[in-house]
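Worksheet: one structure, shown below.
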Amino acid sequence: MPGRIHSPNRRERLLKRLLPLVVATVLLGAFVAWAVAPGGTRSHTVVTSDPSTTVASAPVESTATTVPPTTTTTTDAGALPQTAALPSSTSPQFQAAMQALFTSIAAGTPATASGAFFPQGAYVQLKDIDGALYDYQHRLLGDFGADVMAAHAELGAGAAEADLTSVQVPMQYAHWVPAGECENGVGYFEVANSRVVYIEGGVTRSFGIASLISWRGEWYVVHLGAILRPDSGGVVLDPEAGIGTSAPSTTC
């Protein structure tokens with residue numbers, strides 16, 4: 001009796017068709033697990049303009065970076081003690097302060113010249129009087145603002161085009177004022193009658209700074225137009241054509 005050819009049943013046919021798919025799925029899962037395993041690195045491929053050439057990039061790593069907060073510390077010079085250092089008229093701080101002073105005069109904005117003016121904390125340390133803070137805020141600052149506006153008026157219509165060329169400080173007249181003089185509890189250097197030199201409309205002109213005094217080796221304006229004044233109005237000290245001249249003075 002001839003043998004019968006066995007025909008695979010329905011279940012066997014299904015298994016044969018699914019077996020390649022199962023194997024491929026297992027292999028793909030193993031590859032993904034290796035690629036993303038902790039501590040591993042991954043790389044990607046960048047295709048260049050020539051499709052036949054590939055360049056493997058450097059491994060891509062994820063790194064957590066902690067940026068420390070930025071802190072800014074600004075120390076007010078007036079909060080620090082006085083020193084006996086003689087200031088220089090060429091220091092970067094003084095040059096910047098004088099430029100700020102002239103810019104404020106040209107614009108008629110006294111508040112923008114605050115960096116050129118003697119620090120409040122230093123004045124409170126220096127003056128051996130009752131109400132030093134009140135005197136600073138209500139007399140000195142008021143006089144300074146009035147003098148800035150008077151100098152602005154002196155520059156006239158061309159104020160916005162005026163350019164500072166120099167501030168002439170007569171260092172030969174600088175002198176030390178010791179503690180105990182002029183109602184001061186702390187000594188300082190003082191120099192009178194410096195000259196602010198500028199060009200306006202092609203003409204060199206100048207006016208004076210009544211008094212610069214020192215704090216920690218830097219010059220500051222303490223009286224711009226006048227030390228003693230007849231009233232509360234602003235004063236311009238000796239406006240002249242040219243650079244003018246500085247007279248010696250032993251004022252406080």
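The values are calculated or read from the model by the stated rules, or taken from the named source; none is laboratory data. Keep in mind that this is a model prediction, so the values were computed, not measured. All Cβ positions, even for glycine, are placed from backbone atoms using ideal geometry, and neighbour counts span all protein chains on display.
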Selection within segment 154-176 - in a loop (DSSP other than H, G, I, E, B) and in contact with a strand residue (DSSP E or B) (Cβ under 6 Å, 6 or more places away or on another chain): ALA162, VAL169, ALA174
With respect to the numbered conditions (1) in contact with a Phe, Trp or Tyr (Cβ under 8 Å, 6 or more places away or on another chain); (2) under 19 Å from LEU133 (Cα atoms), which one is the sole condition not fulfilled by ASN193? (2)
What single numbered condition from (1) farther than 22 Å from GLN125 by Cβ; (2) in the same structural domain as ALA122 (by TED's automatic domain parsing); (3) outside any strand (DSSP E or B) fails to hold for VAL197? (3)
Looking at the structure I just gave you, is GLY225 touching a residue at least 60 places away in the same chain (Cβ under 8 Å), buried (at least 22 other Cβ atoms within 10 Å of the Cβ) and either assigned to a loop (DSSP other than H, G, I, E, B) or not assigned by TED's automatic domain parsing to the domain that holds PHE102 (or both)? yes
Of all residues in segment 125-140, which are exposed (fewer than 15 other Cβ atoms within 10 Å of the Cβ) and in a helix (DSSP H, G or I)? LEU133, TYR134, GLN137, HIS138, ARG139
Of all residues in segment 52-88, which are modelled with pLDDT of 95 or more and among the polar types (S, T, N, Q)? GLN82, THR83, SER88
Looking at (1) in a loop (DSSP other than H, G, I, E, B); (2) touching a Ser or Thr at 6+ places or on another chain (Cβ under 9 Å); (3) within 22 Å of TYR123 (Cα to Cα), which is the only condition ALA179 fails? (2)
Of VAL203, VAL191, VAL196, the only residue that is of a type in the set (Val, Ile, Thr) and surrounded by fewer than 15 Cβ atoms within 10 Å (Cβ to Cβ) is VAL203
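Matching residues to (1) small (Gly, Ala, Ser); (2) without any contact (Cβ under 8 Å) to a residue 12 or more places away in the chain; (3) outside the structural domain of SER211 (by TED's automatic domain parsing); (4) under 30 Å from GLY180 (Cβ atoms):
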site: GLN99; (1), (2), (3), (4): no, no, no, no
site: ILE105; (1), (2), (3), (4): no, no, no, no
site: PRO110; (1), (2), (3), (4): no, no, no, no
site: GLY115; (1), (2), (3), (4): yes, no, no, yes
site: PHE118; (1), (2), (3), (4): no, no, no, yes
site: TYR123; (1), (2), (3), (4): no, no, no, yes
site: ASP128; (1), (2), (3), (4): no, no, no, yes
site: GLY131; (1), (2), (3), (4): yes, yes, no, yes
site: ARG139; (1), (2), (3), (4): no, yes, no, yes
Conditions (1) closer than 30 Å to GLY202 by Cβ; (2) buried (at least 16 other Cβ atoms within 10 Å of the Cβ); number of the one not met by THR165: (2)
Run down LEU126, LEU164 and say which single residue is of a type in the set (A, V, I, L, M) and in contact with a helix residue (DSSP H, G or I) (Cβ under 7 Å, 6 or more places away or on another chain). LEU164
